[in-house]
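What follows draws every value from the coordinates through simple rules; no lab data is involved. Because the structure is a prediction, the values reported are computed rather than measured. Positions of Cβ are backbone-derived with ideal geometry, glycine not excepted, and every protein chain shown enters the neighbour counts.
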Amino acid sequence: MPTCLVLLSGPMQAWGVHTPYESHGDTVSRPIKSGVLGLVCNAFGYDLDHDTAHLARLHFAVRADRPGHLERDDQTAGGGNFPLDVLTAARHPQLAANPDRFRYAAPREVDPVTGASWAPATRKTVKGDKTYIVNGSFLAGLTGPAPLIDAIHQALRQPARLLYLGRRCCPPARPVAHGTTEHDTDWPDHIPLLPDATTLQPTAWSETNSPTAPALPEQPPTAYQHRDHRNLHVNSRTTNPPPATQDTEQ
């Protein structure tokens, strides 16, 4: 069966599997199946309740031509005194009593009757951290029936919505459509290295049916609104692909 190749390269990307909390965003060291198929769903213009079972059945593999490195970004939201903005004042007239000492923080929740949650004593700065893969370039492959693979490739070339690498703040540095190949699950050994590769023998991860292989909760749900991701068993190995060729859009 043919394979659609997806280029995942950018200053930052994040593929989290462990943390459902907004205050902390983790990432594993390589793109995951659920995240890549989420990108494909975005390219198709799917909504959260769209059936994705046909995509979940595709075989997934990814090769780390430029692994990059992990960095953590410490973030804060809110805190401090700011002038009361017109929109908030219109929605909550009780705050207009002291408009020059409006204390902003997140989440912006207001008691519709008393407005008590705006009191400075209850408004605290929210702290969090996000981890990213920095300066990474990966090549992912989705293997399956030819009509579906062709449709995915065309959608990635002309996406219905803007694409991003795991998080909305992570746009791709280059077009994600990297062509198709007749190689199936062995494509990591046959597709040339990316031009910015930092190793001649990159590591590849490929899903497997072996129950003894390591597993992460990256198997996509039947619809993304369900959030019922399941474990996916993945093998890792060293590959020996051909050297890089001229960097051209495919």
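A simple rule links phi to the HN-Hα coupling: the Karplus curve 6.51 cos²θ - 1.76 cosθ + 1.60 with θ = phi - 60°, which for region 212-221 gives 8, 6, x, 9, 9, x, 10, 6, x, x Hz, with x for Gly and Pro. Annotation for region 137-233: trypsin sites (Lys or Arg not before Pro) lying in DSSP loop with at most 14 further Cβ atoms inside 10 Å of their Cβ are R161, R168, R227. Database remark: amide H of L232 closer than 5 angstrom to the amide H of L216, E218, Q219 (H placed geometrically; neighbours at sequence offset of 5 or more, or on other chains; Pro and chain starts carry no H). Per-residue Karplus couplings for region 173-182, computed as 6.51 cos²θ - 1.76 cosθ + 1.60 with θ equal to phi - 60°, are listed in order as 7, 9, x, 7, 6, 10, x, 10, 9, 7 Hz, Gly and Pro entered as x. Annotation: amide H of R167 within the under-5 Å range of A14, sequence separation 5 or more or interchain, hydrogens built in the peptide plane. Under 5 Å from the amide H of G25 lie the amide H atoms of D129, K130, T131, each residue being 5 or more positions distant or on a separate chain, with H modelled from the backbone and absent for Pro and chain starts.
Here each label is just a point 7 Å from Cα along the line to Cβ, and for D150 and R57 those points are 1.8 nm apart. Evaluating 6.51 cos²θ - 1.76 cosθ + 1.60 at θ = phi - 60° for every residue in region 51-57, the Karplus couplings come out as 5, 10, 4, 5, 7, 5, 7 Hz, glycine and proline recorded as x. Taking label positions 7 Å along the Cα-Cβ direction at both D184 and V134, the computed distance is 4.2 nm, reported to one decimal.
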